[in-house]
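I have placed the structure first, in the form of C-alpha coordinates, so that the comments after it can refer back to it.
The values are calculated or read from the model by the stated rules, or taken from the named source; none is laboratory data. None of the values given here were measured: they were computed from a predicted structure. So basically every Cβ, Gly included, is an ideal-geometry build from the backbone, and we count neighbours across all protein chains shown.
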Amino acid sequence: MRMPFRKPLVVISPKKLLRFKGACSNIEDFGEGTRFEMLIGDQNKNLVAPEKVRKVIFCTGQVYYDLEAKRAKDGLNDVAIMRVESLCPFPFKEILAQMKGYKNAKWTWA
(Lines give C-alpha, C1' and ligand atoms only; values in the text may rest on other atoms or scores of the structure.)
Protein backbone atom coordinates (compact mmCIF):
# COMPACT_ATOMS: atom_id res chain seq x y z
CA MET A 1 0.00 0.00 0.00
CA ARG A 2 2.97 2.32 0.37
CA MET A 3 4.03 1.92 -3.24
CA PRO A 4 3.04 4.65 -5.70
CA PHE A 5 1.33 1.97 -7.81
CA ARG A 6 -0.97 -0.94 -6.98
CA LYS A 7 -0.48 -4.56 -8.02
CA PRO A 8 -3.41 -6.94 -8.32
CA LEU A 9 -3.39 -10.03 -6.14
CA VAL A 10 -3.45 -13.15 -8.26
CA VAL A 11 -4.13 -16.47 -6.60
CA ILE A 12 -2.95 -19.39 -8.68
CA SER A 13 -4.70 -22.42 -7.31
CA PRO A 14 -7.22 -24.94 -8.57
CA LYS A 15 -10.82 -23.72 -8.52
CA LYS A 16 -12.32 -27.22 -8.73
CA LEU A 17 -13.87 -27.13 -5.24
CA LEU A 18 -15.60 -23.76 -5.61
CA ARG A 19 -18.57 -25.32 -7.39
CA PHE A 20 -18.32 -28.81 -5.89
CA LYS A 21 -21.32 -29.48 -3.66
CA GLY A 22 -19.43 -31.92 -1.42
CA ALA A 23 -16.96 -29.20 -0.40
CA CYS A 24 -19.63 -26.79 0.87
CA SER A 25 -20.25 -26.11 4.55
CA ASN A 26 -23.57 -25.51 6.24
CA ILE A 27 -24.15 -22.10 7.77
CA GLU A 28 -24.50 -23.81 11.17
CA ASP A 29 -20.82 -24.76 10.94
CA PHE A 30 -19.92 -21.10 11.41
CA GLY A 31 -22.05 -20.35 14.47
CA GLU A 32 -21.17 -19.78 18.08
CA GLY A 33 -19.50 -22.67 19.81
CA THR A 34 -17.90 -23.93 16.60
CA ARG A 35 -14.20 -23.94 15.89
CA PHE A 36 -11.68 -24.79 13.20
CA GLU A 37 -10.99 -28.52 12.98
CA MET A 38 -7.32 -29.31 12.47
CA LEU A 39 -8.09 -32.93 11.60
CA ILE A 40 -11.35 -34.24 10.19
CA GLY A 41 -11.92 -37.92 10.83
CA ASP A 42 -13.51 -40.31 8.39
CA GLN A 43 -17.16 -39.48 7.69
CA ASN A 44 -18.08 -42.61 5.75
CA LYS A 45 -21.31 -43.98 7.25
CA ASN A 46 -20.56 -47.46 5.87
CA LEU A 47 -17.10 -47.71 7.43
CA VAL A 48 -16.48 -50.93 9.34
CA ALA A 49 -15.70 -50.91 13.07
CA PRO A 50 -12.40 -49.09 13.86
CA GLU A 51 -10.61 -52.29 14.90
CA LYS A 52 -11.47 -53.86 11.49
CA VAL A 53 -10.12 -50.96 9.39
CA ARG A 54 -7.09 -52.21 7.45
CA LYS A 55 -5.73 -48.88 6.15
CA VAL A 56 -5.91 -45.23 7.17
CA ILE A 57 -5.00 -42.60 4.58
CA PHE A 58 -4.08 -39.04 5.56
CA CYS A 59 -4.48 -36.31 2.96
CA THR A 60 -5.06 -32.60 2.50
CA GLY A 61 -7.11 -30.46 0.15
CA GLN A 62 -8.98 -31.66 -2.88
CA VAL A 63 -7.13 -35.00 -2.90
CA TYR A 64 -9.71 -36.11 -0.33
CA TYR A 65 -12.55 -35.94 -2.85
CA ASP A 66 -10.61 -38.01 -5.38
CA LEU A 67 -9.82 -40.63 -2.73
CA GLU A 68 -13.43 -40.66 -1.56
CA ALA A 69 -14.70 -41.18 -5.10
CA LYS A 70 -12.29 -44.07 -5.66
CA ARG A 71 -13.22 -45.65 -2.33
CA ALA A 72 -16.93 -45.42 -3.14
CA LYS A 73 -16.40 -46.79 -6.66
CA ASP A 74 -14.46 -49.80 -5.35
CA GLY A 75 -16.73 -50.33 -2.31
CA LEU A 76 -13.85 -50.21 0.15
CA ASN A 77 -15.46 -49.85 3.57
CA ASP A 78 -12.35 -50.95 5.44
CA VAL A 79 -10.25 -47.91 4.42
CA ALA A 80 -10.52 -44.72 6.47
CA ILE A 81 -9.61 -41.29 5.08
CA MET A 82 -8.46 -38.54 7.45
CA ARG A 83 -8.32 -34.94 6.27
CA VAL A 84 -5.46 -32.88 7.71
CA GLU A 85 -6.74 -29.31 7.60
CA SER A 86 -3.73 -27.65 9.21
CA LEU A 87 -0.13 -28.34 8.23
CA CYS A 88 1.33 -25.64 10.44
CA PRO A 89 0.98 -26.20 13.29
CA PHE A 90 0.72 -29.89 12.49
CA PRO A 91 -2.03 -31.65 14.52
CA PHE A 92 0.13 -34.31 16.22
CA LYS A 93 -2.18 -34.66 19.23
CA GLU A 94 -5.30 -35.12 17.12
CA ILE A 95 -3.59 -37.70 14.91
CA LEU A 96 -2.32 -39.68 17.89
CA ALA A 97 -5.83 -39.70 19.36
CA GLN A 98 -7.22 -41.08 16.08
CA MET A 99 -4.47 -43.70 15.84
CA LYS A 100 -5.57 -45.25 19.12
CA GLY A 101 -8.91 -46.20 17.59
CA TYR A 102 -7.46 -47.88 14.49
CA LYS A 103 -5.12 -50.36 16.19
CA ASN A 104 -4.85 -52.90 13.34
CA ALA A 105 -4.55 -50.43 10.47
CA LYS A 106 -1.60 -49.46 8.31
CA TRP A 107 -1.06 -45.71 8.02
CA THR A 108 -0.15 -43.82 4.87
CA TRP A 109 -0.08 -40.29 3.46
CA ALA A 110 -1.55 -39.42 0.08
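Here are the numbers:
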quantity: Checklist (1) at pLDDT 95 or above; (2) among the aliphatic types (A, V, I, L, M); (3) exposed (fewer than 15 other Cβ atoms within 10 Å of the Cβ) applied to residue 81, failing item; calculated: (3)
quantity: Residue identified as surrounded by 14 or more Cβ atoms within 10 Å (Cβ to Cβ) and without any contact (Cβ under 8 Å) to a residue 12 or more places away in the chain among 96, 76, 47; calculated: 76
quantity: Top-ranked residue in segment 50-73 [being hydrophobic (A, V, I, L, M, F, W, C) and in contact (Cβ under 8 Å) with a residue 40 or more places away in the chain; ranked as surrounded by the fewest Cβ atoms within 10 Å (Cβ to Cβ)]; calculated: 63
quantity: Test for residue 108: is it within 28 Å of residue 14 (Cβ to Cβ), free of Cβ contacts under 8 Å to residues at least 40 places away in the same chain and among the hydroxyl-bearing types (Ser, Thr, Tyr); calculated: no
quantity: The listed residue being closer than 16 Å to residue 109 by Cβ and among the acidic types (Asp, Glu), out of 94, 32, 37; calculated: 94
quantity: Lone qualifier among 34, 108 - being under 15 Å from the mean Cα position of the chain (by Cα), among the β-branched types (Val, Ile, Thr) and either loosely packed, with under 15 Cβ neighbours inside 10 Å or part of a loop (DSSP other than H, G, I, E, B) (or both); calculated: 108
quantity: Residue identified as within 30 Å of residue 105 (Cα to Cα), part of a loop (DSSP other than H, G, I, E, B) and not polar (S, T, N, Q) among 48, 10; calculated: 48
quantity: Count - residues of segment 79-88 that are in a loop (DSSP other than H, G, I, E, B) and free of Cβ contacts under 8 Å to residues at least 40 places away in the same chain; calculated: 2
